[in-house]
Every structure is written in structure tokens, then in C-alpha cells.
Amino acid sequence: MDNQTGYATQELLDTLVKGQRKALRHSRIVTAICLLLAAAVVLAALLAVPRASAALSRAEEAFSELEGAMGSLNRLDAALSTVESAMGKLDSLIETVSAFSQTAQQLDRLMEDAQALSDAVAHLGELDIESLNRDIRNISQVDFEKLNQAISDLADVVQPLADFANLFG
């Protein structure tokens, strides 16, 4: 019986050693796969960073041009408001002149409107027409195709990263 027990123990030990070898082989395979996945992630990041940087640079240039155009639009809006105000004062002055002969009160109003018109004209004289023309040219030179391309490039770069992140839930 001692021989049989030794033989059974030896078989049991052999089975355990085979199981441990299989487990070790599986662990090595899983480790190799994990290393390959980590290398793929690092490679994907190394490939995506320059593209994302270039796309962000183009987007920054386009947004910078757009900010300049917005400043020009704001100045143009202020100039148009001044012109509208002057036109309103001119209309008021014309109405006052036509009713001048009716009352002395309207004469006072005429003087006030004339002063307001004078102030508006003085303000118009202060406007830099060349600056307004330059601002209008700047607005017309905004490269919207470049802006759209930069946004599209950025979306192309971010999409694979988003898809990869979705794999992990």
C-alpha cells in the first residue's frame, strides 16, 4: 500500500505541475497581449498628438482671424449707430424748419435740433473712414473655409480617441 500511495502522490504531483505550467503559459500569453495593447495605445497617442496639435493650431489661427473680424464688426456697428442718430436728427430738423413759422417754441426746438445735428456731424468728422474701410476689408478676408477645415481636422483627430474610449465604457 505504501507503493500505491507513493504512486498516487506522484500522479497527483505530476497533475499539479502540468496545471501550474498551463497556468504559467496562459499568464504569459495574457501578459504579452496586455503589453501589445499598451504599445498600441502609446503608438495611437503618439500618432494622434501631432495631428491634434496641428488641427488646434489651425483652429487657433482661424479663431484669431474671427476675433479680429468681430472687433471690426463692433466698430462698424458703432459707426452705423452714429449715422442712424445723425439721420434721425436731420429728419427732426427738417420737420422743425417746416413748422418754423407756426410758433416761437418751435424755433427753440429748431436750435436744439441744430445743436444736436452739429454734435452728430462733429462726431461723424471724428470717424476714421479709412479705418472703417480697413475693418470691412478684414471682415471680407476671413477664411471661413480654413476655419471649417480646422474644425473638421480637429473632429477627425478626436473621433478615433472617442471610439477607443467607448471600448472601455
Label corresponding to percent of Cα pairs over 21 Å apart when calculated from the structure given, among [x] 48; [y] 43; [z] 75:
[z]
Among Ala114, Ala59, Gln4, the residue whose Cα sits farthest towards the positive end of the charge dipole of the chain (+1 at Cβ of Lys and Arg, -1 at Cβ of Asp and Glu, taken about the Cα centre) is Gln4
Got a sec? How would Arg28, Arg51 order by Cβ neighbour count within 10 Å, fewest to most?
Arg28, Arg51
When Lys18, Lys146 are arranged by how many other beta-carbons sit within 10 Å of their Cβ, fewest first, they go Lys18, Lys146
Relative contact order (percent, whole number), segment 2-167, Cα cutoff 8 Å, 6+ residue spacing
36 percent
How about Lys146: which aspartates and glutamates have a C-alpha closer than 17 Å to its C-alpha, ignoring those fewer than 8 places off in the same chain?
Glu60, Glu61, Glu65, Glu67, Asp156
Listed residues Leu47, Leu37, Leu154, most fluctuating in the chain (Gaussian network, C-alpha, under 10 Å):
Leu37
A correct fewest-to-most ranking of Ser57, Ser72, Ser85 by other Cβ atoms within 10 Å would be Ser57, Ser85, Ser72
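FYI, it's all coordinate maths here, none of it is from the lab. Since we're looking at a predicted model, the values are computed, not measured. FYI the Cβ positions are ideal-geometry reconstructions off the backbone, even for glycines, and counts take in every protein chain you see.
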